[in-house]
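First comes the structure, then the notes that go with it.
The values are calculated or read from the model by the stated rules, or taken from the named source; none is laboratory data. Predicted model, so just to flag it, every value in this text is computed and none were measured. So basically every Cβ, Gly included, is an ideal-geometry build from the backbone, and we count neighbours across all protein chains shown. Keep in mind that these areas ignore ligands, DNA and RNA; they rest on the heavy atoms of the full protein, side chains included. Shrake-Rupley method; radii C 1.70, N 1.55, O 1.52, S 1.80 Å.
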Amino acid sequence: MPADPRQKIRFDRNELAGAFGDMGTDVPLLIGLAIAARLDGASVLIMFGAMQIATGLAYRMPMPVQPLKAMAAIVIAQQTEASILYGAGFAIGITMLILAATGLLTWLGRVIPKPVVRGIQFGLGLQLASIALQNYVRAEGAIGNVLAAVASATVVLLFGNGRFQAA
């Protein structure tokens, strides 16, 4: 259900850090998705950005898109065709609409244990990390390894830092 339009949208350093965190997750997934499924990259990025803005204005908060991130990871890992991606996106959209409209989404959030959700997220993350290490970091040679190490160290060092976000 959309938020009260009188509710003010907040822009502060936490929102900025969150935006960069989302960009760090979403943009590589979207680019990988466009390449793996042979989609037009500009169209994918424009529509994703437009939908992020629309949901942000409607709900007055950033909207997590975990099912779509999971789907992107699967498409990239398995090199799924665009036609399957379109059908899956439509099915996920209809399913999420029904779950949200009927209140079943809240119920599922209560009955599915958090470790199950975290396990699925962890598995998809490992799958993407494996693809990155096998296909992309190696392709860049020593520079790729150094950049991957520096990025990983930065995230670990800044994890939990309230002033400087890892993103």
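The table for this structure:
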quantity	calculated
Region 121-167 shape via C-alpha gyration tensor axes, a/c threshold 1.5	oblate
By accessible area with a 1.4 Å probe, ligands and nucleic acids excluded, highest first: order of 114, 8	8, 114
DSSP loop chymotrypsin sites (Phe, Trp or Tyr not before Pro) with at most 10 other Cβ within 10 Å: longest gap in the chain	12-158
Probe 1.4 Å, all protein chains present, accessible-area order of 26, 40, 12, largest first	40, 12, 26
By accessible area with a 1.4 Å probe, ligands and nucleic acids excluded, highest first: order of 140, 15	140, 15
Rounded accessible area per residue of region 1-151, 1.4 Å, Å²	70 Å²
Relative contact order of the chain, defined on C-alpha pairs under 8 angstrom at six or more residues apart (%)	23 percent
Relative contact order for region 66-144, counting Cα pairs under 8 Å that sit 6 or more residues apart, in percent	38 percent
Translational D in µm²/s for region 36-167 (Stokes-Einstein at 25 °C, 0.890 mPa s, Kirkwood Rh from C-alpha pairs)	139 µm²/s
Residue-averaged 222 nm ellipticity for the chain, from DSSP H runs of 4+ at -39500 (n - 2.57), nearest 500	-24500 deg cm²/dmol
Region 84-167: trypsin sites (Lys or Arg not before Pro) in DSSP loop, at most 11 other beta carbons within 10 Å	163
Computed lengthening from residue 114 to residue 55, 0.36 nm per intervening residue step minus Cα-Cα distance	18.7 nm
Carbon and sulfur %, accessible surface of region 18-167 computed with the full protein complex present, 1.4 Å	72 percent
Area accessible to solvent at residue 130, 1.4 Å probe radius, in Å²	50 Å²
